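The values are calculated or read from the model by the stated rules, or taken from the named source; none is laboratory data. Just so it is clear, the model here is predicted, and its values are computed rather than measured. Methodologically, a virtual Cβ is constructed for each residue, glycine included, from the backbone with ideal geometry; neighbour enumeration extends over all protein chains shown. In case anyone asks, the SASA skips ligands and DNA or RNA and just uses the protein heavy atoms, side chains included. Shrake-Rupley method; radii C 1.70, N 1.55, O 1.52, S 1.80 Å.
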Amino acid sequence: MATEIATLGGGCFWCLEAVYQELKGVQHVESGYTGGHVANPTYEQVCDGNTGHAEVVRLEFDPEQVSYREILEIFFTIHDPTTPNRQGNDVGTQYRSVIYYHTPEQHEIARQVIACMANVWDAPIVTELSALQPYYKAEEYHQNYFRQHPLQGYCAFVVAPKVAKFRKIFTDKLRAPA
């Protein structure tokens, strides 16, 4: 089975990670950082907003089960692509909406999806589209965060509603329970 990789930033990586872990066809989800100018940044450095990195998720997926286009359609449904450097109360360049493409084909599909989504949102889409840059895995305590801390305040009030929205809208795309 040949898998592909997608790298997306749409606010806090905990939100995207929690959703994509439930998507049929996604083999692995990892939280990390990319798009900055500091090698091996720490969470604290990224949060300070001076490294240029975005919080992202890196998805390994089976394109025979879920397409890159479907991954992007979900992405545009579970975050607000119209607010520059912000998702809810999370403010800063590290929370920007961004798609890091891995191939020319991903670049073209992303352009098409952004154009289609422009008709869905009331405000202009500000999602950046950029070639993949050096990627750094986030610290281990960020991996599987929602699964490990579902009752933590941020998870209960920010992550859980996004997961619920995904489950409601994309019922047919849910991974079978383990």
| remark: Excluding residues fewer than 8 positions from residue 168 in its own chain, the aspartates and glutamates with Cα under 20 Å of it are 17, 22, 70, 73, 80
| query | Considering the chain as a Gaussian network with a 10 Å cut-off on Cα pairs, which listed residue, 49, 92, 153, attains the greatest mean-square fluctuation? | reply | 153
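Stick to Cα atoms and the Kirkwood definition of Rh, then tell me Rg/Rh for the chain.
Details: Rg = 15.0 Å, Rh = 16.2 Å.
Value, to two decimals: 0.93.
Do the sum for the chain: with -39,500 (n - 2.57) for every DSSP H run of n ≥ 4, divided by all residues, what is the mean residue ellipticity at 222 nm, to the nearest 500 deg cm²/dmol?
Per the formula, -8500 deg cm²/dmol.
With a probe of 1.4 Å, find how much accessible area the chain has per residue, and write the answer as a whole number in Å².
On the way: 8640 Å² over 178 residues.
I get 49 Å² per residue for this part.
On the protein heavy atoms, probe 1.4 angstrom, tell me the percent of accessible surface of the chain carried by carbon and sulfur. It would help to have the intermediate numbers written out before the result.
Values: 4620 of 8640 Å².
Carbon and sulfur atoms account for 53 percent of the accessible area of the chain.
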| note | Dipole check, region 101-167, charges on Cβ (K,R +1; D,E -1), about Cα centroid: among 103, 157, 135 the Cα furthest to the positive pole belongs to 157
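Once you have the Kirkwood Rh of region 50-147 from its Cα pairs, apply Stokes-Einstein at 20 °C and 1.002 mPa s and quote D in µm²/s. Write out the running numbers ahead of the final one.
Details: Rh = 14.6 Å.
Answer, rounded: 146 µm²/s.
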| query | Treating the beta-carbon of each Lys and Arg as +1 and of each Asp and Glu as -1, no other charges, what is the dipole magnitude of region 68-137 about its Cα centre, to the nearest 20 debye? | reply | 200
| request: Between 23, 59, 129, find the one with the highest GNM mean-square fluctuation for the chain; connect C-alpha pairs within less than 10 Å. | output: 129
| request: Quickly work out the residue 77-to-residue 38 label distance, labels modelled 7 Å from Cα along the C-beta direction, and quote it in nm with one decimal. | output: 3.6
| field | Computed Rg/Rh of region 115-158, alpha carbon atoms with Kirkwood Rh | value | 1.15
| request: Give, in nm to one decimal, the length gained when the segment between residue 156 and residue 116 is fully stretched (0.36 nm per residue of separation minus the Cα-Cα distance). | output: 11.3 nm
| Can you give the FRET efficiency for residue 105 and residue 60, using 1/(1 + (r/R0)^6), R0 = 25 Å, r = Cβ-Cβ distance, to the nearest 0.05? | 0.90
